[in-house]
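Below: one structure, written as structure tokens.
The values are calculated or read from the model by the stated rules, or taken from the named source; none is laboratory data. Bear in mind that the values here come from a model prediction, so they are computed numbers and not experimental data. No Cβ is skipped: glycine too gets one built from the backbone with ideal geometry, and neighbour counts run over all protein chains shown. The area values use the complete protein model at the heavy-atom level, side chains included, leaving out ligands, DNA and RNA. Shrake-Rupley method; radii C 1.70, N 1.55, O 1.52, S 1.80 Å.
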Amino acid sequence: MKVLIVGSGGREHAIAASVAKSPKVDKIYCAPGNAGIGQLAECVPIGAMEFDKLAAFAKEAEIDFTIVGMDDPLVGGLVDVLEAQGMRVFGPRKNAAILEGSKAFSKDLMKKYNIPTAAYENFDNAEDAIQYLEEKASYPIVLKADGLALGKGVLICNTLEEAKEGVKEIMLDKHFGSAGNRMVIEEFMTGREVSVLSFVDGKHIRIMTSAQDHKRAKDGDQGLNTGGMGTFSPSPFYTEEVDAFCQKYIYQATVDAMAAEGRPFKGVIFFGLMLTPNGPRVLEYNARFGDPETQVVLPRMKNDIIEVMEACVDGNLDKIDLQFEDNAAVCVVLASDGYPVAYEKGFVIKGMERFEQEEGYYCFHAGTKLTEEGIVTNGGRVLGITAKGANLKEARANAYAATEWVSFDNKYMRHDIGKAIDEA
């Protein structure tokens, strides 16, 4: 098979590494890709939102199977464009990707089908939102831009003043662009956050191993929200009891709800869960693999990823026995100092060749570029250093040891990724 992967981050590098292990695949392309993906695939200089160019390339290169990694092209309808040309594509169509594309839609879906989530209200204008905050809200409270905002369109406000400023930021100043045309105001939930990825074929669902992400830029969960500074899998807080509850009230219920709405979902549903004192609640849905969750989940998966993805496309996922190794993985993101605000790029990265010799260690590229000088930093999050271990403590020690193998000017990381496992 010839496979095309659409995207350019650490998530797509982790997907490419899994695809490269499939005996069914003899050629991988990635658009636009990055320097690390380029070691496994032929990178094609086409942007993820250039749908017509992607379709033309897929036809010309006789691509057998396309995997869309990123949220923007999924929500924008790339799957529909490629399917209209008779192509096989892994990922939800536009009418199903709205599960991530609109927080208002997903909250209304959960309310209609009794899927446990935080209480909320949707708003189309700032005046009504402020009136609600003044008259009906209790604090702290959560404000969410309705649309895609690179994982950053969520504000936790402790006071009415902060909340009013948040409405201004989202709806009036358009800090998150058109994502803030609508807004969700949601009750603040407390508890552990857990990420659970799943494969879905429109009717059936298969749950992957759990993971836990660290969103804040600095140690001790301080600093600004980022796209993710590191992650670990499995989560010790995702117990058998939690799983049983989610199987009964959340996972299949979501798949059935989407089908009932005439929006059958095929691809990956990412369940962002909050383990509250009153039981698990859905914080958010994503319509694709998480980043950096993918970097710790896929290295532990035993199945041939292409076989699983084809089962999702063909609607026979119920025939797949999804299996994961009985171990653990930890990913530490090496970022550019100053991320997520302002940072320099273009620094040469050294030491990555060691990962090729070490079993169970991975160096996933997120923001890198190949130049005449070598591979250089080209983004806020540069590399995801992932290591496996017999348990979480061993995996964490291995991952942090491996961060020392790599050097570049401006290198920054958190030093407490997976620290929660000490409390489990």
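Mean-square fluctuations from a GNM of the chain, with a 10 angstrom spring cutoff on Cα atoms, peak among Thr117, Thr377, Thr239 at Thr239.
When the Gaussian network model of the chain links Cα atoms closer than 10 Å, the mean-square fluctuations of Leu54, Leu78, Leu224 top out at Leu224. Label-to-label distance, Lys393 versus Glu307, with points set 7 angstrom from Cα along the beta-carbon direction: 3.6 nm. From its DSSP helices (H runs of at least four residues, each -39,500 (n - 2.57)), the chain gives a residue-normalised ellipticity at 222 nm of -7500 deg cm²/dmol. Each 5 Å bin from zero up to the one holding the largest Cα-Cα distance in the stretch 334-424 carries the following percent of pairs: 3, 14, 24, 22, 18, 12, 6, 2, 0, 0. Label zone (Lys174, point 7 Å along Cα-to-C-beta; backbone nitrogen cut-off 20 Å) within the stretch 118-136: 123-130.
Sorted by average packing, counted as other Cβ atoms within 10 angstrom per residue and highest first, what order do 132-142, 42-52, 95-105 take? Could you put the intermediate results ahead of the total?
Working: 132-142: 14.2, 42-52: 15.9, 95-105: 22.6.
Ranked from most to least packed, the peptides come out as 95-105, 42-52, 132-142.
If Thr66, Thr371 are ordered by their accessible area, calculated over protein heavy atoms with a 1.4 Å probe, which sequence runs from highest to lowest?
Numbers: Thr66 0, Thr371 50 Å².
Final ranking, largest accessible area leading: Thr371, Thr66.
Using 18 Å as the cut-off for backbone N distance, which residues of the stretch 8-37 belong to the label zone defined by a point 7 Å from the Cα of Val348 along Cα→Cβ? So the set is 35-36.
Kindly provide log₁₀ I(q)/I(0) values, in the same order as q = 0.12, 0.13, 0.14 Å⁻¹, from the Debye equation applied to equal alpha-carbon scatterers of the stretch 193-317. Log10 I(q)/I(0), no solvent term: -0.46, -0.54, -0.62. Determine the shape class of the stretch 1-107: with a ≥ b ≥ c the square roots of the Cα gyration tensor eigenvalues, call it rounded for a/c under 1.5, and otherwise prolate if a/b is greater than b/c, oblate otherwise. Judged from the Cα gyration tensor, the stretch 1-107 comes out prolate (a/c at least 1.5, a/b above b/c). A Förster radius of 45 Å combined with the Cβ-Cβ distance from Lys24 to Lys419 puts the calculated FRET efficiency at roughly 0.70.
Protein-only accessible surface at a 1.4 angstrom probe places the residues Glu404, Glu394 in the order Glu404, Glu394, largest first.
With the cut-off at under 17 Å, measuring from each backbone N in the stretch 261-284 to a point 7 Å along the Cα-to-Cβ line of Lys111 picks out 282-284. Sorted largest first, the principal axis extents computed over the alpha-carbon atoms of the chain equal 60, 47, 42 Å. The residues of the stretch 53-168 expose, per residue, 44 Å² of accessible area to a 1.4 Å probe.
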